[in-house]
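The values are calculated or read from the model by the stated rules, or taken from the named source; none is laboratory data. Quick caveat: nothing in here was measured; it's all calculated off a predicted structure. As a convention, Cβ positions derive from the backbone with ideal geometry for all residues, glycine included, and neighbour counts pool all protein chains shown.
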């Protein structure tokens, strides 16, 4: 049976404010347990929340970047449930009047662009952390440092049709919130979390099937894997004539399966109502304009510019604009080197391999854009060969020395002197009579072998163009 | 009947209140009487009436994004019925 | 002379003139507490000698403050740093907050002293203090009767001269009703006038902290001290606070006083109705113009209130779960058992009843029928008052339909208990200010309260109307024989 996969995502992004959403405690990660708490986030009797303005600004930024409608009237609601990491017995969230609604973003897959709808973005407070005792210990331990750290929940439309699309959506969202500098996007540390609603329907049907909610996918890889598993699981049930049930399932990364939470879970009856301790938000045009003015160039715009302004292929432009840091690196490097495609090749190849694609590693990489640019200039000017450049790059990473110093110290300057190279060419021709005969008989491939032998004899320093020329002349 | 014993038991669970059968019975009777009284609200047509959540029209009460030092850990835990090291201790969750 | 009988103004004048020092007054109040507390049980905890020592060490820096050195009693739902704050509940019996309520820090700043924490209905849920885990407070005028509630301890303490003045909180009449039953002055300010930070929440959208005092001038002094914007309470309103005491002149010439006809109908005790009529005659004779007005949705106020207040309460009281503070049942089987039993054993029946009602009203499928409906009717009730204040400066009504009832009389009939708040509840729903002042006694010698209501943030006019009445009568000077 052929099915269509329907996926919608609910993403929680931790906002990079200094203080918590409703009190002035630090949001810093990794403090001593319960060290970033106060009567307000501890939910002590009689205390009251006061909203951190920056949280609104960050969510507005995101809303504008995702083409949302900004609601002129918005307010907070209480979501009531009991859990030890929720000190007030309710989470302050938004329900009926979220700050942002009806937006979208574009994902790119296999060169095709697809628009994914954003249902809403709202503000809420994070819960604390429960740590479970080891083995059979009958206790759990509660750390409330994370309680009250601001979150925005971004809810998508059920617009994704495959796990790959869902993963692409997550990556795009991460790129955008990082561009906006409102969230660090770290899934492993939990600053970006994702729940998915997944259902299947027969191709051609218009009604949605029964969906399951999938939780606990804490990396991009796992989002795709978990969804793949879940899609197969549901398809198998439907193939066997069964029906799926509406439930929450946890992704078990170790076993690579999703597991039902049925039984462990409460019937959801959160008793939302407007929080009487907080007053409504009225976001007017002036406030929106103020935030709009702070928006950076966003990934889609930047990608388009990289293609037109630098003549880069779409693929290059997409890779280079995946983060602000990387695109800044490219532009800084190219402003010196003035060779966009060469710069792009070096960044997408050696540099990203070196940094394993991580922006933190990029920031700390000893090869700064200027160094890479000057190295590229040395290639363009024929001072070093492309092959030698690989060595130079490796040395720059290892030692942090400039390309000029490395080339000088290691004596890597390219040999272009025809006399010197001619000697090597003559020797190689003399040493390989068989191959020379083969070449002259029309075996063109042998030419490459002979070039290689000359290069080897020069220990890689001979200018390949000169080698080619002289070898051709003599053969 | 406005409310049944079963509903009262469900609500008691939502509210995390352990109630005995007698209490459930008693609350069912009392809540039923109160709800019957409250029913008089339905005499009013409120179709076009805006609900009031705040009596004083206000908005945009915000603070700056500035950090204060929190409470010393001794004060955080001083009133807790169960603690260990710097944590609140509760019966095992899972 | 019995110093403890002083008002704030009298104490302050005595200090200023060097006739007395704060430690003497504090000691006098303490001895009075010792003498009457067995009979009335107004306090949950008393400061005792510690307060006298504190009085002795008061810095002279703010002698200009009218509250400097004055012993004030605090309702035990106001957070006091280092002093237990129990809400008269088992669940908070040992809770000691690491912070002061904003009103408490303001009073400290003004040089006030605290005689102790007063009894209340558990979490302020009640009209009689009978739901207190700490036992019932008795009405100083008749020890077999309730003092009113929920600020019954504060009202009884003031009436019995067991403090100079007190603070209470008013969610549905909890300052005004006990003030009426105890023959003293009680003021509920406009919603947002006084910071709620540190007031242990019962129903956040309805409640305000306010003064309970021996006369109107003291109420004006105390209100001035606690009112004003607080950045820690998002619902506190940033409007100027008038100098209330200096605005009291007793002049009601041309003041437009409205009398809501719905407040004098069936169910009102004959003597209460007469006392109100007399008050109207008196103010009319003093130059005020009196007119009947209508608050057509009065009949719906109790229903509206008990949906909204209990819904908010069900959420506000979720934090008492035995994890961070408060009572925890032990031993328990598991987490769920800990929650259910800690809360079942920690809360009394009235609190549980309200949590149940509020949880039900918010639960899936009922929100629109109950909560939203009540919020809509709240709008109608507010509009009633807006219309009334288009043609009136203040409204005048009884505070309660009857004088204080007997202890135990309504304890098993929650609905009857709720209905006794019928004249005070609308004021909280509309967020307007209201004061209760003594206006006579019934045949059994029980005090009757007169309620004066004003426009949002117009406490000055409310106080002045009350002052005008007080100037022309001597009810406020009467004290129970104890």
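Quick notes on this one:
- Scanning region C:417-432 for residues that are in contact with a strand residue (DSSP E or B) (Cβ under 8 Å, 6 or more places away or on another chain) and away from chain B (no Cβ under 12 Å), we see that the one that is modelled with the lowest pLDDT is C:423.
- Which listed residue is part of a loop (DSSP other than H, G, I, E, B), more than 10 Å from every other protein chain (Cβ to nearest Cβ) and touching a residue at least 12 places away in the same chain (Cβ under 8 Å), from A:33, A:98, A:49, A:87: A:98
- For region A:24-73, residues that are within 32 Å of the chain's Cα centre (by Cα), within 23 Å of residue C:323 (Cβ to Cβ) and surrounded by 23 or more Cβ atoms within 10 Å (Cβ to Cβ) total 6.
- With respect to the conditions (1) exposed (fewer than 14 other Cβ atoms within 10 Å of the Cβ); (2) within 23 Å of the chain's Cα centre (by Cα); (3) more than 9 Å from chain C (Cβ to nearest Cβ), residue B:28 lacks only one, and its number is (1).
- Unique match (being in contact with a helix residue (DSSP H, G or I) (Cβ under 6 Å, 6 or more places away or on another chain) and in a strand (DSSP E or B)) among C:186, C:148: C:186
- Every residue from region C:200-224 that is part of a helix (DSSP H, G or I) and under 22 Å from residue C:156 (Cα atoms): C:216, C:217, C:218, C:219, C:220, C:221, C:222, C:223
- Residue match in region A:285-305 (condition: modelled with pLDDT of 90 or more, crowded, with 21+ Cβ neighbours inside 10 Å and over 21 Å from residue A:104 (Cβ atoms)): no
- If you check A:145, A:130 for being more than 23 Å from the chain's Cα centre (by Cα) and not in a loop (DSSP other than H, G, I, E, B), only one passes: A:130.
- Residue match in region B:9-18 (condition: facing chain C (nearest Cβ under 7 Å), under 26 Å from residue C:386 (Cβ atoms) and modelled with pLDDT of 95 or more): no
- Residue pairs meeting the criteria (Cβ under 8 Å; at least 6 apart or on separate chains; first under 19 Å from residue A:121 (Cβ atoms), in region A:155-169; second in a helix (DSSP H, G or I)): A:156/A:169; A:160/A:166; A:160/A:169; A:166/A:223; A:166/A:224; A:166/A:227
- Test: residue in region C:393-411 that is within 14 Å of another protein chain (Cβ to nearest Cβ), surrounded by 17 or more Cβ atoms within 10 Å (Cβ to Cβ), outside any loop (DSSP other than H, G, I, E, B) and under 20 Å from the mean Cα position of the chain (by Cα): no
- Within region A:357-394, the residues that satisfy the criterion of being in a helix (DSSP H, G or I), over 18 Å from residue A:409 (Cα atoms) and within 27 Å of the chain's Cα centre (by Cα) are A:359, A:360, A:361, A:362, A:363, A:364, A:369, A:370, A:373.
- Of all residues in region C:313-341, those satisfying the criterion of being within 27 Å of the chain's Cα centre (by Cα), part of a helix (DSSP H, G or I) and within 7 Å of another protein chain (Cβ to nearest Cβ) are C:314, C:315, C:318, C:319.
- Any hit, region A:66-73, residues being within 11 Å of another protein chain (Cβ to nearest Cβ) and touching a strand residue (DSSP E or B) at 6+ places or on another chain (Cβ under 9 Å): yes
- Meets criteria (under 28 Å from residue A:314 (Cα atoms) and touching a residue at least 24 places away in the same chain (Cβ under 8 Å)) for residue A:356: no
- Residue match in region C:272-280 (condition: buried (at least 21 other Cβ atoms within 10 Å of the Cβ), part of a loop (DSSP other than H, G, I, E, B) and either touching a strand residue (DSSP E or B) at 6+ places or on another chain (Cβ under 7 Å) or at pLDDT 95 or above (or both)): no
- Counted residues, region B:71-90 - those being facing chain C (nearest Cβ under 7 Å), closer than 20 Å to residue A:130 by Cβ and not in a loop (DSSP other than H, G, I, E, B): 2
- Residue within region B:53-70 that is more than 21 Å from the chain's Cα centre (by Cα), under 24 Å from residue C:369 (Cα atoms), within 7 Å of another protein chain (Cβ to nearest Cβ) and not in a loop (DSSP other than H, G, I, E, B) present: no
- Qualifying residues in region B:51-85 (those that are closer than 12 Å to residue C:377 by Cα and touching a helix residue (DSSP H, G or I) at 6+ places or on another chain (Cβ under 6 Å)) - the one surrounded by the most Cβ atoms within 10 Å (Cβ to Cβ): B:52
- Looking only at region A:74-84, and only at residues there that are surrounded by fewer than 22 Cβ atoms within 10 Å (Cβ to Cβ) and under 20 Å from residue C:361 (Cβ atoms), the one that is nearest to the other protein chains (Cβ to nearest Cβ): A:82
- A count restricted to region C:342-378 and to residues that are within 7 Å of chain B (Cβ to nearest Cβ) and surrounded by fewer than 20 Cβ atoms within 10 Å (Cβ to Cβ) stands at 2.
- Residue among A:117, A:43, A:103 that alone is part of a strand (DSSP E or B), modelled with pLDDT of 95 or more and touching a helix residue (DSSP H, G or I) at 6+ places or on another chain (Cβ under 9 Å): A:103
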